[in-house]
1. Give the residue list of trypsin sites (Lys or Arg not before Pro) in region 43-92 that are DSSP loop and have at most 12 other beta-carbon atoms within 10 angstrom.
2. About its Cα centre, how strong a charge dipole does the chain have in debye, to the nearest 20, once Lys and Arg get +1 and Asp and Glu get -1 at the Cβ?
3. Suppose R0 equals 25 Å. What FRET efficiency, 1/(1 + (r/R0)^6) with r the Cβ-Cβ distance, do R257 and A168 give to the nearest 0.05?
4. Using θ = phi - 60° and the Karplus relation 6.51 cos²θ - 1.76 cosθ + 1.60, list the HN-Hα couplings for region 50-62 in order, rounded to whole Hz, with x at every Gly or Pro.
5. Amide H neighbours of T140 under 5 Å, at least 5 residues apart or on other chains, H built in the peptide plane: list them.
6. Take the Cα of R33, step 7 Å along the line toward its Cβ, and report every residue of region 69-86 whose backbone nitrogen sits under 18 Å from that point.
7. Starting from the amide H of A321, placed 1.01 Å from N in the peptide plane, find each other amide H under 5 Å away whose residue is 5 or more places distant or on another chain.
8. For an R0 of 30 angstrom, estimate the FRET efficiency from the Cβ-Cβ distance between Y23 and E49 and round to the nearest 0.05.
Amino acid sequence: MVEDGSRILSSVVSSQMATHSKYGGVVPELASREHLRAIVPVVRAALEEAGTRLDQLSAIAVTQGPGLVGSLLVGITYAKSLAMVHHLPLIAVNHIEGHIHAVVSQNEIELPALALIVSGGHTHLYEVREGFVYRLLGRTRDDAAGEAFDKVAKLLGFPYPGGPVIDALAPFGDAHAVRFTLAKMKGNTLDFSFSGIKTAVLRWVEARDMACEIAARRSLVDPTIEQLRAMTPQPTLDLLASFQRTVIDELLRRAVRSAEEIGARSMIVSGGVACNTGLRAAARARHLPYPVLFPSPGLSTDNAAMIAAAAFPKLARGEFADTALKADANLQLC
Ligand code: KG4
Ligand code: ZN
């Protein structure tokens, strides 16, 4: 529940991680089933926490895409019925625009801004101009950065999601111990590619006898970071630290170059990977001539407050959806 586009009255997130971690990644059918189970209690809790009733709202905002179509459908169907029953306008929001507004809602942003959106599904660079007009500058050609974190963690026997685990273990390794050679980008040099580094990690593992080490980690049920650290030898910790440093270098190098190209007056970094402490520290250490703004950790990963925040400019413009609104798994921002 968000007031005036910036005041978050409540933010309720129902995590499905425990369900998906058993399978080493998100299972789409389980995701939509869990959404269906959670949506009514989550909306009720958000109203209670904010001390609001549905008939006091100005509008209902909902994610149209991009995302898993089954989960999007659950949200859209429920939002449509709430809007209809309570005679409220319905506002369709792009998931990526939500991540951008997680930062916009908490900061004074000077435009134009460069937005780096890094999540499990996206690694995109956008120019953000006055009136929230967007231009795509670069994107990943294969894996998203979060996906690379998750896949590397999985192949080494670490639990899902891999991003927070690698983030927590990386400080125990030498970030310069393993050197990865990355392919030169042909065409748009602001595009990213993370499949090469993932394959390099796989080759590193294959060149060593790690089967027992990996199996031992896989056999743990809900391990703590301390447990994982205790059963991870130094060379593997060095590999994790080096992997994370390489991904961060790639992200920041292209983001900084894009920001220079558009004459950015601020940089927005958002999406699940924006939680990464190494990324936050590396951005700070660069002492860039403009502010680099991250959401508070609770607003970095997927949440409904950022979707409500992103709906406010549309509410002001009277940009409403109707009952014909359809989920779009590949919805583009621009
Ligand atoms: O934005 P998000 O919650 O969902 C998507 O839209 O994808 O992002 C989830 C992704 C996962 O890949 C997860 O591993 C990654 O964000 N992530 C992290 C960290 N926390 C979450 N990656 C690196 N470091 C973190 N601390
Ligand atoms: Zn997201």
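1. R53
2. With only Lys, Arg, Asp and Glu charged at Cβ, the dipole is about 560 debye.
3. Once rounded, the FRET efficiency stands at 0.25.
4. Along region 50-62, the couplings run 7, x, 10, 10, 4, 6, 8, 7, 8, 6, 10, 9, 9 Hz.
5. T123, F192
6. Within reach of a label on R33, which here means backbone N under 18 Å from a point 7 Å along Cα→Cβ, region 69-86 contributes 69-75.
7. Correct list: L90, I91, A92.
8. For Y23 and E49, the calculated efficiency is 0.45.
A short reminder: the numbers here are calculations on the coordinates, not readings from a lab. Since we're looking at a predicted model, the values are computed, not measured. No Cβ is skipped: glycine too gets one built from the backbone with ideal geometry, and neighbour counts run over all protein chains shown.
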